[in-house]
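Below you'll find the structure I mean.
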Amino acid sequence: MYKKIMKEDCLFLISDEKFSSFQRLMDQLDLFSLTLPFVSDTYQRTVSILDIWYLISTNPKERIDHPENRMIYPYRLYFLTMINDVQMKRYVQLAVYDNEKLAFICAIYLYKGLNEFISEKMSQNEEVHTSFKLFQQYNQKSIRPYYDEKYIELEDYPKQLALLQATLETELRFIHQQYKSALDDVYTNAIEEATDVYEVVFGLINDWGGLVT
C-alpha cells in the first residue's frame, strides 16, 4: 500500500493517534494488501481504504465529517456512502469497533470488491469509461492542492476535475440504485472473505476478547 498519505485527506476529522494506528496496521498487515492489484497501488486507493477503515471501526456517534474534503472528493464520498450500506453479522460489527486488525482487513476486501464491481459497470459505457480513465490520472497524489486559491489563479484544473467527478458521481448513483441486490452480494462476500482470512491467521473472532454478544 502507498505509505506516504496525509491524514488531512481523510473524509473524516481523524486524530493523530487514530491515524498512527492506521499507519502501523499498514506496516504490520502489509501482506493482506497483496489481494489488491499492484498496478493500482496509488495514493487515492490507500486514502479510500483509510476512509473505509475509519467508517467501520468507529462508532457513528464518534465520527466527525471533514466538510472541506467532502466537497473536494465527491467521488470518494459517494463510494464511501455505498460502503455505508454494508450489513455485517452482529458479532463482526461489534468486533470491528475494538479489533483494528479485523477492521483493516475488512476495509481492504470491501474496497476491492466494490471497486472491481464499479470498474466493470463503468467499462460498459464508453463515455463514462473514458472519464473514469481520465480521473485515474489524479490517483497518485492528493488533489487538495488543486483547490488552493493560488493554484486556481493559474490553472483551470479544479474545474476540469470537478466536471470529471460530477460525471462519475452521477454514474455511481445510477449503479447504486440499479444494482442494490448485486451490491449486497459484493459486500457480503467481501466481509466473509475478510473474516475467513482473519480467522485463518489470528484465530476465531469471538476468541480474542472483544465485545461480542
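The values are calculated or read from the model by the stated rules, or taken from the named source; none is laboratory data. Fair warning: this is a prediction, and the values are worked out from it, not measured in the lab. Here Cβ is always computed from backbone atoms with ideal geometry, including for glycine, and neighbour counts include all displayed protein chains. With ligands, DNA and RNA removed, areas are computed over all heavy atoms of the protein, side chains included. Shrake-Rupley method; radii C 1.70, N 1.55, O 1.52, S 1.80 Å.
Each row is one residue, and each column tells you yes or no for (1) open to solvent by 20 Å² or more (accessible area, probe 1.4 Å); (2) among the β-branched types (Val, Ile, Thr); (3) on the phi > 0 side of the Ramachandran plot; (4) modelled with pLDDT under 90.
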| site | (1), (2), (3), (4) |
| --- | --- |
| 104 | no, no, no, no |
| 107 | no, no, no, no |
| 115 | yes, no, no, no |
| 118 | no, yes, no, no |
| 134 | yes, no, no, no |
| 137 | yes, no, no, yes |
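A follow-up question, please. Within the set of pairs 6 or more residues apart or between chains, which connect a residue that is outside any loop (DSSP other than H, G, I, E, B) inside segment 116-134 to a residue that is aromatic (Phe, Trp, Tyr) with Cβ atoms less than 8 Å apart?
Hits for this filter: 117/179; 118/79; 119/132; 121/179; 122/132.
Under 6 Å between Cβ atoms, at least 6 apart or on separate chains: pull out the pairs that start in segment 192-204 with a residue that is part of a helix (DSSP H, G or I) and open to solvent by less than 40 Å² (accessible area, probe 1.4 Å) and end on any residue that is at pLDDT 95 or above and among the β-branched types (Val, Ile, Thr).
Filtered contacts from segment 192-204: 194/105; 198/105.
Then there's this: So which pairs qualify, if the first residue must be in segment 12-34 and in contact (Cβ under 8 Å) with a residue 60 or more places away in the chain and under 20 Å from residue 69 (Cβ atoms), the second must be open to solvent by 40 Å² or more (accessible area, probe 1.4 Å) and in a helix (DSSP H, G or I), the Cβ gap must be under 6 Å, and the two must be at least 6 apart or on different chains?
Note: pairs meeting the criteria are 21/100.
Continuing with this model, one more query. With (1) free of Cβ contacts under 8 Å to residues at least 40 places away in the same chain; (2) open to solvent by less than 10 Å² (accessible area, probe 1.4 Å) as the list, and residue 71 as the residue in question, which single condition is left unmet?
Failed condition: (2).
Out of (1) closer than 23 Å to residue 188 by Cβ; (2) β-branched (Val, Ile, Thr); (3) crowded, with 20+ Cβ neighbours inside 10 Å, the odd one out for residue 14 is which?
(1)
Do you know which residues across segment 161-183 are assigned to a helix (DSSP H, G or I), open to solvent by less than 80 Å² (accessible area, probe 1.4 Å) and farther than 15 Å from residue 129 by Cβ?
161, 162, 165, 166, 169, 176, 182, 183, listed by residue number.
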